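Quick note: the coordinates plus some simple rules give every number you see, no bench work behind them. Computed from a prediction, not measured in an experiment: that's the story for all the values here.
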Amino acid sequence: MHRSLGLRMNSVIFFASAGLAVLFVLLSILFTRQVDAVCAAASSWMLENPGWFYILGVTSFLVFLLWIALSRYGHVRLGTRERRPRR
């Protein structure tokens, strides 16, 4: 599929990333309770310890993304002049 889109693929990076993603999903399916406990602990720690800083950072990032999307930079073409967006 990547060739039909004119993309190049680095097979080492692709298979390493795909393998890690599949491993994470399989471990999450097999050890649901443990993964739930780890995610709950991580979320609780993030909101209790650096909570205000974390929320400030995420909010700042979202405001920055909205500013980029709604400014003139949101209309920058990512392809050649002849390429048009798919509909």
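Quick notes
- Rounded to the nearest 10 degrees, the inclination of helix 51-70 to the longest alpha-carbon principal axis of the chain is 10 degrees.
- In the set (1) 90; (2) 183; (3) 132, the label that goes with volume of the Cα convex hull per residue in Å³ computed for this structure is (2).
- The helix-only estimate of mean residue ellipticity at 222 nm for the chain, built from DSSP H runs of length n ≥ 4 each weighted as -39500 (n - 2.57), is -22500 deg cm²/dmol after division by the residue total.
- Angle of helix 11-30 to the longest C-alpha principal axis of the chain, folded into 0 to 90 degrees and rounded to 10: 40°.
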